[in-house]
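Participant: First the structure, which I've put down as structure tokens, then a few questions once you've had a look.
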Amino acid sequence: MRKYLDIHPTDDSAFKQMVCQATRNEGTGVVLDGNGFDAPIFIESTHRYDFVAGLQSVSDCTNDLAQVQLLHNQYKDWILGFLCYDVKNQLEKLSSSNPDKIEMPEVYFFRPRYLFLKDAEQWKVGYLDDYDNEESVRNYIEELNNCDESEEDYGEVKLNHQVSHTDYLKAIEKIQWHIQRGDIYELNYCMEFFVNDIHLTPQCVYQRLKEVSPTPFSAFVKYHDKFLMGASPERYLKKEGSRLISQPIKGTSPRGKNPFVDKANKRYLYTSEKERAENIMICDLVRNDLSRVAKRGSVKVDELCGVYSFKQVHQMISTVSAELKDEHSWMDAIKTSFPMGSMTGAPKISAMKLIEEYEQSKRGLYSGTVGYVTPEGDFDFNVVIRSVLYNRKKSYMSFMVGGAITNQSDAQKEYDECLLKASAIMKVFNIKD
């Protein structure tokens with residue numbers, strides 16, 4: 001049985017960092033940090049966590065969605081984990097054969113021995129009375145102070161392009177041919193950047209990434225010798241009671257150092273017919289996905305094409321909500337809407353087939369999702385974008401960026417937008433591309 005202990009860190013930011021550093025001593029761990037973001041990016045909610053972290057697995061499941069549901073049903077406890085983009089192959093008649101050097105499992109969820117929670121009011125630690133009592137938990141927290149925070153000097157990092165500038169422009173031309181032919185309306189095309197022979201301390205990279213680009217859905221994952229360091233601004237799907245909320249992002253413009261330029265960039269994004277068309281198209285896709293498990297007449301658009309500002313970029317975000325039918329489980333909501341429309345295109349199945357044809361790398365955890373499920377079956381999951389992936393055994397670091405391609409897209413401008421989205425990661429490693 002899980003019990004909870006109130007704790008009172010003197011410095012929230014330092015304590016969050018200590019919890020993340022503690023994953024060094026664990027086989028697996030998940031850290032989710034909202035970085036203090038408040039409304040309106042977070043829709044009206046009766047309970048919201050700014051920080052959720054799980055350390056030390058006591059039960060887990062890998063590569064099987066049905067087992068995730070059974071794990072939750074068995075314990076009625078918190079589980080944390082991730083779904084890779086390629087779970088699509090379990091949900092539809094699709095396949096993936098592009099190279100993958102990160103090699104994350106497609107699915108991983110675990111029940112943590114230690115659960116750290118921070119809401120608007122207080123910190124709590126959840127522990128299992130089969131393993132711990134209040135004294136042992138306090139001793140464990142005290143040991144967090146001894147976690148090493150040293151960081152290596154990366155020196156000169158050589159960034160490699162899986163897709164050249166020329167090949168990117170050619171791929172966009174081919175995708176637009178499919179659009180003109182009527183195969184698809186929109187496709188999210190992504191490309192990989194990678195670094196060979198690099199040795200990282202992932203926990204420190206994650207901290208640096210949060211400093212450069214604080215976002216409401218940042219995430220850190222350790223799965224043995226594989227890691228995710230993420231600075232995502234996007235929510236995939238949240239469940240609270242019977243209510244489902246999705247907040248797809250489509251539309252990006254740069255921040256300006258001059259306040260007048262910054263305001264003009266934000267205004268441009270809000271009034272851009274192209275960006276609004278992309279966002280509305282994905283909104284319709286999300287509405288269609290949710291309608292498959294929603295009560296009749298409950299699917300609605302709470303906000304269409306809102307523009308919100310982050311440290312690196314302005315983003316266009318819409319909010320779609322629905323009421324889950326009584327006969328459907330929390331897992332049904334995920335199965336009918338994954339992968340998220342903002343990372344595929346429309347129609348979704350046709351877009352995913354073309355993604356496999358034209359992209360050069362397997363997406364893996366990129367454009368997948370990381371999140372948690374509560375004992376009651378509520379959940380909150382992000383979209384894995386603006387993120388670094390690392391395979392320690394292979395000394396291989398990778399990140400992907402992409403954007404929505406429509407018939408109105410200008411290939412060079414799309415390429416420039418990809419580099420803008422990658423700018424925070426490049427700053428972390430002092431890369432000038």
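Participant: Using 1/(1 + (r/R0)^6) with R0 = 35 angstrom and r between the beta carbons of Asn73 and Val212, what's the FRET efficiency to the nearest 0.05?
Facilitator: 0.30
Participant: Need one number: convex hull volume per residue for region 5-117, Cα atoms only, in Å³. Can you show the working numbers first?
Facilitator: Numbers: hull volume 18.7 nm³, N = 113.
Cα-based convex hull of region 5-117, divided per residue, equals 165 Å³.
Participant: Per residue, how large is the accessible surface of the chain? Use a 1.4 angstrom probe and give square angstrom. Working shown, then result.
Facilitator: Details: 18030 Å² over 433 residues.
Normalised by residue count, the accessible surface of the chain is 42 Å².
Participant: Based on alpha-carbon positions alone, could you give the equivalent ellipsoid semi-axes of region 140-274 from the gyration tensor, as √(5λ), descending, whole Å?
Facilitator: On the way: eigenvalues 224, 111, 76 Å².
Working from the Cα gyration tensor, I get semi-axes of 33, 24, 20 Å.
Participant: Beyond 18 Å, how much of the Cα-Cα pair distribution for region 260-411 remains, as a whole percent?
Facilitator: 67 percent
Participant: Can you pull the percent of the chain's accessible area that's carbon plus sulfur, 1.4 Å probe, other chains left in place?
Facilitator: 45 percent
Participant: Largest first, what is the accessible-area ranking of Met1, Met352 with a 1.4 Å probe? Walk me through the intermediate numbers first.
Facilitator: Working: Met1 140, Met352 5 Å².
Listed by decreasing accessible area, they come as Met1, Met352.
Participant: Roughly what % of DSSP beta bridges within the chain run antiparallel, to the nearest 5? Write down the numbers at each step before the final one.
Facilitator: Working: 97 of 97 bridges.
Here the antiparallel bridges make up roughly 100 percent for the chain.
Participant: Starting from the eigenvalues of the Cα gyration tensor, five times each then square-rooted, give me the equivalent ellipsoid semi-axes of region 290-380, largest first, whole Å.
Facilitator: Details: eigenvalues 119, 75, 49 Å².
Its equivalent ellipsoid spans semi-axes of 24, 19, 16 Å.
Participant: If the chain between His199 and Asn63 were fully stretched, how many nm would it gain, using 0.36 nm times the residue separation less the Cα-Cα distance?
Facilitator: 46.2 nm
Participant: May I pose another question? Please turn the phi angles of region 158-164 into ³J(HN,Hα) values with the Karplus equation 6.51 cos²θ - 1.76 cosθ + 1.60 (θ = phi - 60°), one per residue in order, whole Hz, x for glycine and proline.
Facilitator: Here the 3J(HN,Hα) series is 8, 8, 9, 9, 5, 10, 6 Hz.
Participant: Run the quick spin-label model on Tyr131 and Asn98: label points 7 Å from Cα toward the beta carbon, then report their separation in nm to one decimal.
Facilitator: Going by the 7 Å Cα→Cβ label model, 3.7 nm.
Participant: Residues of region 238-255 with amide nitrogen under 19 Å from the 7 Å Cα-to-Cβ point of Asp378?
Facilitator: 238-247, by backbone N distance to the label point.
Participant: Using DSSP to call loops (not H, G, I, E or B), can you name the trypsin sites (Lys or Arg not before Pro) in region 59-115 whose Cβ has at most 10 other Cβ atoms within 10 angstrom? Provide the component values of the computation, followed by the final result.
Facilitator: On the way: sites: Lys76, Lys88, Lys93, Lys101, Arg113; in loops: Lys76, Lys93, Lys101.
Hits after loop and neighbour filter: Lys93.
Participant: What does the helix-only formula give at 222 nm for the chain: each DSSP H stretch with n ≥ 4 adding -39500 (n - 2.57), the total divided by the residues, and the result rounded to the nearest 500 deg cm²/dmol? Walk me through the numbers on the way to the answer.
Facilitator: Working: 11 runs with 132 residues, N = 433.
Value at 222 nm, helices only, nearest 500: -9500 deg cm²/dmol.
Participant: Over the alpha-carbon set of region 204-257, divide Rg by the Kirkwood Rh and report the Rg/Rh ratio to two decimals. Could the numbers behind the result be given before it?
Facilitator: Values: Rg = 14.3 Å, Rh = 13.4 Å.
Rounded to two decimals, Rg/Rh equals 1.07.
Participant: Translational diffusion coefficient of region 258-332 at 25 °C, 0.890 mPa s, Stokes-Einstein with Kirkwood Rh over Cα pairs, in µm²/s as a whole number.
Facilitator: On the way: Rh = 14.1 Å.
Stokes-Einstein gives a translational diffusion coefficient of 174 µm²/s.
Participant: May I pose another question? Once the dipole of region 1-145 is set up with Lys and Arg at +1 and Asp and Glu at -1 on Cβ about the Cα centre, which of Asn98, Gln67, Met1 lies farthest towards its positive end?
Facilitator: Farthest along the dipole direction, towards plus: Asn98.
Participant: Would you mind calculating the gained length between Asp167 and Thr271 on full extension (0.36 nm times residue separation, minus the Cα-Cα distance), in nm to one decimal?
Facilitator: Using 0.36 nm per residue and subtracting the Cα-Cα distance, I get 34.4 nm.
Participant: Residue by residue through region 348-355, what is 3J(HN,Hα) from phi via Karplus (6.51 cos²θ - 1.76 cosθ + 1.60, θ = phi - 60°)? Round to whole Hz and write x for glycine and proline.
Facilitator: Karplus values, whole Hz, x for Gly and Pro: 5, 5, 4, 5, 5, 5, 6, 4.
Participant: On a full-extension model of 0.36 nm per residue, what is the gain between Ile349 and Glu143, subtracting their alpha-carbon distance, rounded to one decimal in nm?
Facilitator: On the way: separation 206, 0.36 × 206 = 74.16 nm, distance 4.88 nm.
Extra length from Ile349 to Glu143 when fully extended: 69.3 nm.
Participant: Please give the Cα centre distance for region 203-230 versus region 330-400, rounded to the nearest Å.
Facilitator: 16 Å
Participant: Between Asp410 and Asp262, what is the FRET efficiency for a Förster distance of 22 Å, r being their Cβ-Cβ separation, to the nearest 0.05?
Facilitator: On the way: r = 22 Å, r/R0 = 1.02.
Plugging the Cβ-Cβ distance into 1/(1 + (r/R0)^6) gives 0.45.
Participant: In Å and whole numbers, how far do the C-alpha atoms of the chain stretch along each principal axis, longest first?
Facilitator: 65, 57, 46
Participant: Moving on. Evaluate 2.2 N^0.38 Å with N set to the residue count of region 191-341, then give the Cα radius of gyration divided by it.
Facilitator: Details: Rg = 18.0 Å, N = 151, 2.2 N^0.38 = 14.8 Å.
Dividing the Cα radius of gyration by 2.2 N^0.38 Å gives 1.22.
The values are calculated or read from the model by the stated rules, or taken from the named source; none is laboratory data. In this text the structure is predicted, and so the values were computed from the model without any measurement. Glycine gets a Cβ as well: all are built from the backbone with ideal geometry, and neighbour counts include every protein chain shown. For accessibility, only protein heavy atoms count, side chains too; no ligands or nucleic acids. Shrake-Rupley method; radii C 1.70, N 1.55, O 1.52, S 1.80 Å.
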